[in-house]
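Okay, so here's the structure we're looking at.
The values are calculated or read from the model by the stated rules, or taken from the named source; none is laboratory data. Values in this document were obtained by computation on a predicted structure and should not be read as measured data. Neighbour counts are summed over all protein chains in view; Cβ atoms, including those assigned to glycine, are modelled from backbone coordinates with ideal geometry.
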């Protein structure tokens, strides 16, 4: 048993999502969104480095020594997997661990709308799950892939950095590939995946032009592709993809994307005030003909109108979802205000509204 495992055990007992170990400071846990110090001595750089190196693969230690940053997955069988990040900072080394439960929660357990599960049965196309870091994108994607794994008889390839949720092959054959260990990069893995007879491809992060281009190509050639982006709404997601490409290629990409896109889910996590736990607010865009036309014509600013009129398809605006959570008494008014797109809509509910509420 590694020395650091004691912190993971405490993390599990406290229901924490993240563990922070930083030289020059006591350890801390993130519990229900808030950082809480652990009653433990201030960590010394040499002691912490020895603790971290005990669980890191040799090639990752070498990379860390050279670059000052690494990501990898660490697993305690029967407890959980952890997405691990080591970094260098002013006082020495540091690390953050995000807990990834062994058990994959279903869409029903997560409280996701029924339309989310239906995305797992799509024959092809591109489905994007977006939101800020720590908003539960991986959890939502895992629930969708789990539906496909249980109900289809296909080949699923996941490409992640590092591997997070591990799916046991059920109806499908599932292959997990980790960037830096099993493949050089997202783009290299995607290029290879097209020759590996996949039906479903999960791309952990679409972070550069080549990866995005290959994902769109895969979705346009008969594959179902799931991916993530760090964007805050469906229109911003479409714009972000288009803007990655050179101006001379953007018209063509708009056309290709409009044909290939199937859905965009943008999500935000909230701390519940009525009980312990978290809840999620979702913006859902389903690629109806009207939505495709707006993408093709570069009129993404009109997408919210399509979402508003597309409720029968399961579409909803993020602010409508936030309002529903607020009216149920699940989330605080201040939280609703801070994480909404239309601040004016929630301004009346907070006790001390700021003087300027125009910031997005």
Reported set for region 160-172 where residues are touching a helix residue (DSSP H, G or I) at 6+ places or on another chain (Cβ under 7 Å) and either closer than 12 Å to residue 267 by Cα or at pLDDT 95 or above (or both) is 167, 170, 171, 172
Margin query: Please verify whether residue 84 is under 17 Å from the mean Cα position of the chain (by Cα), over 29 Å from residue 286 (Cβ atoms) and in contact (Cβ under 8 Å) with a residue 24 or more places away in the chain, treating the condition exactly as stated.
Written below: yes
Residue 32 vs (1) touching a residue at least 12 places away in the same chain (Cβ under 8 Å); (2) crowded, with 18+ Cβ neighbours inside 10 Å; (3) within 23 Å of residue 269 (Cβ to Cβ): all pass except (2)
Per the filter on region 195-205, residues modelled with pLDDT under 95 and under 19 Å from residue 119 (Cα atoms) are 204, 205
Subset of region 234-278, residues farther than 13 Å from residue 318 by Cα and assigned to a strand (DSSP E or B), comes to 261, 262, 263, 271, 278
Those strands (runs of 3 or more DSSP E) completely within region 1-40 that have 2 or more residues that are in the same structural domain as residue 76 (by TED's automatic domain parsing) and touching a helix residue (DSSP H, G or I) at 6+ places or on another chain (Cβ under 8 Å) are 18-22, 28-31
Going through (1) surrounded by fewer than 22 Cβ atoms within 10 Å (Cβ to Cβ); (2) outside any strand (DSSP E or B); (3) touching a helix residue (DSSP H, G or I) at 6+ places or on another chain (Cβ under 9 Å) one by one, residue 87 fails only at (2)
Scanning region 132-159 for residues that are at pLDDT below 95 and not in a helix (DSSP H, G or I) gives 132, 133, 134, 135, 136
For region 109-132, the count of residues that are touching a residue at least 40 places away in the same chain (Cβ under 8 Å) and within 17 Å of the chain's Cα centre (by Cα) equals 12
